[in-house]
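**Q** There's a structure below that I have some questions on.
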Amino acid sequence: MKFDILSLFPEMFEPLKSSIIGRAEKNEFIKINLINIRDFSNDKHKKVDDTPYGGGAGMVMMQNVVYDAYSSIEDKDNAKVIYLTPQGKTLTQKKVVDLSKEKHLILICGHYEGIDQRVIDEIVDEEISIGDYVLTGGELPAMVLIDSISRYVEGVISNESIDEESFSNGLLEYPHYTRPEKFLNKEVPEILKSRKSSRDCKMEKTKIYRNNKNKKTRFVELQFGD
Ligand code: 21W
């Protein structure tokens with residue numbers, strides 16, 4: 001999977017060099033290519049924004065810089081172009097899995113009030129938001145997309161983890177325990193100490209989890225969430 005990221009702040013993507021995603025890139029299961037939109041400014045002061053037609057607060061990212069940055073990407077005929085914007089459709093696990101089947105994603109991170117609508121109309125395939133709260137730009141949402149999608153790219157995490165995840169239907173699992181058996185006078189649940197097969201044990205663990213009513217509500221929501 002190749003990710004091309006168009007951003008005014010490529011240095012914000014530094015965290016992707018750590019942990020699972022960092023290793024995935026080192027091992028070439030994914031490729032993350034950062035493109036600094038500012039490099040495509042024709043202005044001697046490297047200006048990338050301008051006042052909006054019709055007035056109002058804030059600035060709009062200029063269409064030519066975003067378009068030229070996009071145009072600089074090679075072999076993009078089969079790429080899907082995603083614009084991270086608060087107006088987009090809220091990201092779900094189903095969407096994450098669908099997008100993980102793509103070979104090439106181009107992620108556009110907006111800043112200021114957004115990007116000139118004509119560029120969006122011309123190049124964007126999908127608009128995605130990561131939830132109903134206000135951020136300062138599209139960079140963190142782009143990282144959320146890369147992190148969640150990359151987990152499903154072959155080789156990035158073990159198939160066993162993915163299987164277990166679909167078995168337990170997603171995000172919420174059972175509580176976890178490791179040694180020692182007794183900590184702060186609290187014991188590990190008896191059922192987890194028995195020598196059942198891992199699969200049976202997962203059944204039991206999931207039952208423990210399902211007994212928790214509050215979490216069950218979220219469990220059902222997530223199972224069918226779209
Ligand atoms: C936030 C841009 C708000 C534009 C003046 C008065 C991408 C995001 C973003 C941002 C506005 C995502 C206004 C969840 C997010 C993102 C920056 C609109 C309205 N201006 N997912 N009223 N949340 N955010 N400003 O913020 O680019 S995906």
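The values are calculated or read from the model by the stated rules, or taken from the named source; none is laboratory data. Note that the structure is a prediction, hence the values are computed from the model and not measured. Heavy atoms of the whole protein, side chains included, go into the accessibility calculation; ligands, DNA and RNA do not. Shrake-Rupley method; radii C 1.70, N 1.55, O 1.52, S 1.80 Å.
**Q** Can you work out the accessible area per residue across the stretch 1-121, with the rest of the protein chains kept in place, probe 1.4 Å, in square angstrom?
**A** 57 Å²
**Q** Which value, in Å² rounded to 10, gives the accessible area of Met59 with a 1.4 Å probe and all protein chains present?
**A** 50 Å²
**Q** When the accessible area of the stretch 21-143 is computed with all protein chains present and a 1.4 Å probe, what percentage of it is carbon and sulfur?
**A** 48 percent
**Q** Pull out the extension gain between Asn78 and Glu113, defined as 0.36 nm times the separation in residues minus the alpha carbon to alpha carbon distance; nm, one decimal.
**A** Length gained between Asn78 and Glu113: 9.7 nm.
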